[in-house]
Amino acid sequence: AQKVTQAQTEISVVEKEDVTLDCVYETRDTTYYLFWYKQPPSGELVFLIRRNSFDEQNEISGRYSWNFQKSTSSFNFTITASQVVDSAVYFCALSVERTGANNLFFGTGTRLTVIP
Amino acid sequence: NAGVTQTPKFRVLKTGQSMTLLCAQDMNHEYMYWYRQDPGMGLRLIHYSVGEGTTAKGEVPDGYNVSRLKKQNFLLGLESAAPSQTSVYFCASTPRQGGQFFGPGTRLTVL
């Protein structure tokens with residue numbers, strides 16, 4: 001069975017601080033994909049990143065960076081120099097190739113509040 | 001491209017009423033999905049479809065039915081709405097190579 005755990009329910013930081021959102025996943029499959037989505041107060045789901053299980057290189061996109069470590073089954077997300085616009089709920093998700101359906105298994109989300 | 005659209009955006013039902021939520025995508029994606037989002041529970045898969053004319057159950061299918069008569073549309077039906085179905089419903093679509101595109105969501109309240 002697939003499972004995604006986001007242990008941090010809510011995080012508050014002061015603007016310009018760095019913040020890391022944790023994601024731990026469980027799967028017995030060797031081919032899988034990991035995702036991060038952002039859900040701002042307006043409610044839509046914004047795709048941030050997709051990584052496959054064979055690519056453990058860390059990725060940086062502007063102020064965002066992701067650390068994928070298969071040894072600890074983690075896919076953590078760091079926002080550098082946080083801004084008020086980063087305030088949102090962030091979801092980590094997993095899909096496995098074996099099902100052939102590409103459906104996502106979501107964590108319960110982490111609500112990030114950036115205080116000006 | 002409009003991407004993934006959902007109709008309606010909001011709806012209030014009384015217990016026992018029926019309704020259909022429409023999801024449409026114009027990206028020629030093979031796969032489509034219906035999720036529900038409840039506070040503190042993330043998104044959970046209700047039903048999905050891997051192609052026109054095919055559907056399958058997800059994690060929480062009870063009380064819902066779906067149909068995929070056309071590739072671009074995926075309908076979610078509630079035959080007899082219950083308060084437990086109060087939720088935000090998201091539709092998504094994906095091409096075979098993956099990467100899900102979500103609609104804006106439908107907020108449903110069942111009184």
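Round to the nearest 0.05 the FRET efficiency obtained for B:T5 and A:F47 when R0 = 25 Å and r is the Cβ-Cβ distance.
In this case the efficiency is close to 0.90.
Charge tally around B:G105: other residues with Cβ under 15 Å, Lys/Arg +1 each, Asp/Glu -1 each, net +4.
Could you compute the FRET efficiency for A:T80 and B:T20, with r as their C-beta to C-beta distance and R0 at 35 Å, rounded to 0.05?
Efficiency for this residue pair is about 0.20.
Centroid-to-centroid, using Cα positions, segment B:69-111 and segment A:1-47 are 22 Å apart.
For chain A, the alpha carbon convex hull comes to 95 Å³ per residue, rounded to a whole number.
Taking the accessible area of segment A:1-71, probe 1.4 Å, and keeping the other protein chains in place, the carbon and sulfur fraction comes to 45%.
Magnitude of the Cβ-charge dipole of the protein assembly as shown, K/R +1 and D/E -1, about the Cα centre, nearest 20 debye?
600
The count of lysine pairs in the protein assembly as shown that are at least 8 places apart or cross chains, and whose C-alpha atoms lie under 23 Å apart, stands at 10. Ranked from largest, the principal axis spans of the Cα set of segment A:1-40 equal 39, 18, 16 Å.
Considered as an equivalent ellipsoid built on the Cα gyration tensor, the protein assembly as shown has semi-axes of 30, 21, 15 Å, the largest given first. When chain A is described by a simple charge dipole with +1 on each Lys and Arg Cβ and -1 on each Asp and Glu Cβ, the residue from A:F68, A:S95, A:I79 located farthest towards its positive end is A:S95. When the Cα positions of A:Q39, A:V13, A:Y25 are compared along the charge dipole of segment A:1-115, A:Y25 comes out farthest toward the positive end, with charges on each C-beta of Lys, Arg, Asp and Glu. Using only alpha carbons, segment A:27-88 has a radius of gyration to Kirkwood radius ratio (Rg to Rh) of 1.01.
Near A:V84: Cβ cut-off under 11 Å, other residues only, Lys/Arg at +1 and Asp/Glu at -1. The net charge is -1.
The spread of Cα positions in chain B, taken along each principal axis and listed from longest to shortest, comes to 39, 26, 24 Å. In a DSSP loop and with at most 13 other Cβ atoms within 10 Å, the trypsin sites (Lys or Arg not before Pro) in segment A:62-116 are A:R63.
The values are calculated or read from the model by the stated rules, or taken from the named source; none is laboratory data. Predicted model only: the values in this text are computed from it and were never measured. Neighbour counts run over all protein chains shown; Cβ positions are idealised from the backbone, glycine included. The accessibility values were calculated without ligands, DNA or RNA, using every heavy atom of the protein model including side chains. Shrake-Rupley method; radii C 1.70, N 1.55, O 1.52, S 1.80 Å.
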